[in-house]
Amino acid sequence: MGKIIDGKAVAKQLVSEIAKEVEAFSKDFRVPHLAVIIAGDDPASRVYVKSKVRASEKCGIDVDLVKFPADIKESELFQKLDELNNDNSIDGILVQLPLPSQLDSKKVIERISPYKDVDGFHPYNLGKILEGDPLFVPCTPLGIIELLKRYNVKTTGKKAVVVGRSVIVGKPIAMLLANKSKNGNATVTICHSKTAGIKKILSEADIIVCAAGKAKMINGDMVKPGVIIIDVGINRIKDETVKRGYRLVGDVDFESVSPKASLITPVPGGVGPMTVAMLMKNTLKAARLKYKNKG
Ligand code: NAD
């Protein structure tokens, strides 16, 4: 049985480390300040926003929750974003996705100042990753790199396979692993829904990051002994034995893969908890950016 990467414990540890750093920063300068915008009342978004607010409070970061109705016009949202961009007391701005259908999320993200873009979705920040000089990295890929660091995974020269090519997980983590850096230098293959011969590609991987959103798509027969597995997927599967009628599973069949893996993230409790912790890290970074040359 492979060693489990305990994302929950690492995230808890990180939050307490960040809280200490925030305390010191607040003494020297001021309390970091995050603005979280939510439009409409999508239940999942509300849960995510709540956990971001709670984490901010734990870290000693001020947080403003800005709520808009589902029928908000683009111009109203842009006006708020411009106001927050120009407000010196605001360090980080996050717009909770998905947005109501009348809004173009790409345009909305591009309206956020790249220096306050703590989600790291702005094209400027994605471009900085490509350039090999990241500023704000999207929270999930940043959390994956942090887990690899904390479990002493050496990536240099390793064959890494990333399944999924989304802008928020697949592409940035692939680029980070390939970049010339201490936690990069891997040889990366990106697989997606049109990849031919994925089984062979997976069977040769030293490290697999799976972010496809397909329950149990990778099983023990597809991986080599000693593989390191980072399972990003979050999928609901029916389970009549539990009260809520479903349970969460990853993209990886934990039962058959974990005996072969040297390290593996569980779902839940692996990558998931890291994402919010990294948002805190990015918010502190945004606050520090303002005072870079003053302390
Ligand atoms: P997405 O849903 O936008 O896209 C899925 C990607 O997987 C696509 O690029 C597609 O080409 C690829 N794909 C789909 N089926 C495939 C298959 N059979 N073989 C190979 N590739 C396939 O991706 P996303 O937004 O990155 O989300 C992926 C999963 O990660 C979802 O389950 C999501 O809930 C989860 N997620 C978790 C976190 C976290 O914090 N743990 C954060 C973001 C996303």
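The values are calculated or read from the model by the stated rules, or taken from the named source; none is laboratory data. Owing to the predicted nature of the structure, the values given are computational and were not obtained by experimental measurement. FYI the Cβ positions are ideal-geometry reconstructions off the backbone, even for glycines, and counts take in every protein chain you see.
For the stretch 33-51, a residue qualifies if it is of a type in the set (A, V, I, L, M) and surrounded by 15 or more Cβ atoms within 10 Å (Cβ to Cβ), and the qualifying residues are 34, 35, 36, 37, 38, 39, 49.
From the list 54, 30, exactly one residue is surrounded by fewer than 16 Cβ atoms within 10 Å (Cβ to Cβ) and under 30 Å from residue 250 (Cα atoms). Which is it?
54
I'm trying to understand the selection: among the residues of the stretch 254-276, which are in a helix (DSSP H, G or I), more than 10 Å from the ligand (Cβ to nearest atom) and among the small types (Gly, Ala, Ser)? Of everything in the stretch 254-276, just one residue is in a helix (DSSP H, G or I), more than 10 Å from the ligand (Cβ to nearest atom) and among the small types (Gly, Ala, Ser), namely 256.
Take the residues of the stretch 166-192 that are touching a Lys or Arg at 6+ places or on another chain (Cβ under 9 Å) and over 16 Å from residue 133 (Cα atoms): which is nearest to the ligand (Cβ to nearest atom)? Checking each candidate, the answer is 192. Pairing each residue of the stretch 112-136 that is under 18 Å from residue 290 (Cα atoms) with any residue that is hydroxyl-bearing (Ser, Thr, Tyr) and crowded, with 23+ Cβ neighbours inside 10 Å, provided the two are 6+ apart or on different chains, yields C-beta distances under 9 Å for 118/283.
In the set (1) within 15 Å of the ligand (Cβ to nearest atom); (2) surrounded by fewer than 23 Cβ atoms within 10 Å (Cβ to Cβ), the condition left unmet by residue 120 is number (2). In the stretch 278-295, the residues that are modelled with pLDDT of 95 or more and of a type in the set (Val, Ile, Thr) reach residues that are buried (at least 24 other Cβ atoms within 10 Å of the Cβ) and not in a helix (DSSP H, G or I) with C-beta atoms within less than 7 angstrom, at least six apart or across chains, in these pairs: 283/32; 283/34; 283/61; 283/91; 283/92; 283/118.
Hey, among the residues in the stretch 221-253 that are crowded, with 17+ Cβ neighbours inside 10 Å and of a type outside the set (A, V, I, L, M), which one's farthest from the ligand (Cβ to nearest atom)? My answer is 253. Scanning the stretch 200-220 for residues that are away from the ligand (no atom under 15 Å from the Cβ) and among the charged types (D, E, K, R) yields 204, 206. Take the conditions (1) of a type in the set (Asp, Glu); (2) away from the ligand (no atom under 16 Å from the Cβ); (3) touching a residue at least 40 places away in the same chain (Cβ under 8 Å); residue 83 misses just one of them, which is (3). Out of 132, 127, 143, I need the residue that is closer than 23 Å to residue 188 by Cβ and buried (at least 24 other Cβ atoms within 10 Å of the Cβ). Which one? Matching residue, one of 132, 127, 143: 143. Selection of the stretch 178-210 for residues being within 19 Å of residue 261 (Cβ to Cβ) and either of a type in the set (D, E, K, R) or in contact (Cβ under 8 Å) with a residue 60 or more places away in the chain (or both) yields 199, 200, 204, 206, 209.
With respect to the conditions (1) over 19 Å from residue 274 (Cα atoms); (2) touching a residue at least 60 places away in the same chain (Cβ under 8 Å), residue 159 falls short on a single one, namely (2).
Can we say residue 22 is touching a Cys at 6+ places or on another chain (Cβ under 6 Å), surrounded by 19 or more Cβ atoms within 10 Å (Cβ to Cβ) and not charged (D, E, K, R)? Answer is yes for this residue.
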